[in-house]
Amino acid sequence: MEDFETHLQELRRGTIVLACLQLLQTPGYGYGLLEDLGGRGFATDANTLYPLLRRLEKQGHLTSEWNTDEARPRKFYRTSPAGKRLAEALTREWLTLSDAISALPSTTQEN
């Protein structure tokens, strides 16, 4: 099943982007987002999430600011207007792909 894990990871990679853009419409920080993603069925780890957040910020899909009100400063992220547009477009594509996959013959059907 090693092959399965590789393919599953590839399948999930794009969904994590969309999930982050959707969840960060309410500002959040990395660790909290990591827990929220996991709790919603989007298993990922910090070594994947933090580079993704930096990349999305560099691309203009997220904005960030440091919160220094607490003992330990945290970087809070928020989906930018461009990120919201991207999330809407990706959601439309996801739904189209989901419909297309649902219309494929089932692997459990006998040939």
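The values are calculated or read from the model by the stated rules, or taken from the named source; none is laboratory data. If you're wondering where the values come from, they're calculated on a predicted model, not measured in any experiment. Note: ideal-geometry Cβ built from the backbone for every residue, glycine included; neighbour counts use all protein chains shown. Remember, those area values only see protein heavy atoms, side chains included, never the ligands or the DNA or RNA. Shrake-Rupley method; radii C 1.70, N 1.55, O 1.52, S 1.80 Å.
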Contour excess over end-to-end distance, with Cα ends at His7 and Leu97 and 0.36 nm allotted per residue: 30.7 nm
Prolate/oblate/rounded call for the stretch 61-111, Cα gyration tensor, a/c under 1.5 rounded: oblate
Trypsin sites (Lys or Arg not before Pro) restricted to DSSP loop in the stretch 3-111 with at most 14 other C-beta within 10 Å: Arg40
Zone of Gln25's modelled label, taken as backbone nitrogen in the stretch 72-111 under 13 Å from a point 7 Å along Cα→Cβ: 79-92
Cα Rg, Dmax (largest Cα-Cα span) when computed across the chain, Å: 16.7, 63
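For the stretch 1-105, what does the accessible surface come to per residue with a 1.4 Å probe? Please give it in Å².
In whole numbers, the stretch 1-105 has 71 Å² accessible per residue.
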The stretch 25-85: C-alpha gyration tensor shape, a/c 1.5 cut-off, then a/b vs b/c: oblate
